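Down below is the structure, laid out as structure tokens.
Nothing in this text is a laboratory measurement; each read-out follows from the coordinates by a stated rule. The shown structure was predicted, so the numbers you read here are calculated from the model rather than taken from an experiment. All Cβ positions, glycine included, derive from the backbone under ideal geometry; neighbour counts span all protein chains shown.
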Amino acid sequence: MVSGVIRGLHDNATGAASSVEVLYNANGFGVGEYVGSPTINTFSVAAGVLTSANFTSFGILNTSSGVTCCSLTIKSFPLSSAAPQAGLTPSDGIIIPNLDVDLSITPALAPVPLPAGLPLVLTGLAGFAGLRMRKKRKAQV
């Protein structure tokens, strides 16, 4: 059993992940974050669900804060049609894919920036301008 999180994905889109982190491996190795320069990095998400994956990261290419002793691959097109092909090996440059993997990967979707901030600021500024004009009128009377 291997479980993990994929970060930096957007809903209803295909793109690269900012990191893939293995949270648990029943075999005890390869737990940690796979960042840096993955060889292959493409994921598709639809309605918050990971629908396809193609990711390969060799430990020797990983940055030192991430996992450098192991290599990870996740491949499936699409995920719903067949069990994903995955490999997590205790080698920094070799991956042995396993066709029968109990894989649980959760996409952590990137937050969408809220564009409502600008209208709120403009409304506040207009309110202050109105108060100032009101104060000027009272001073003239």
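Quick notes
- Computed packing ranks the peptides 52-59, 6-13 as 52-59, 6-13, most packed first, by mean other Cβ atoms within 10 Å.
- Relative packing of 121-132, 19-30, which averages over residues the other C-beta atoms within 10 Å, highest first: 19-30, 121-132
- Charge tally around residue 128: other residues with Cβ under 11 Å, Lys/Arg +1 each, Asp/Glu -1 each, net +3.
- For residue 8, nonlocal amide neighbours, meaning residues 5 or more places apart or on other chains whose placed amide H falls under 5 Å from its own, are 18, 108, 110.
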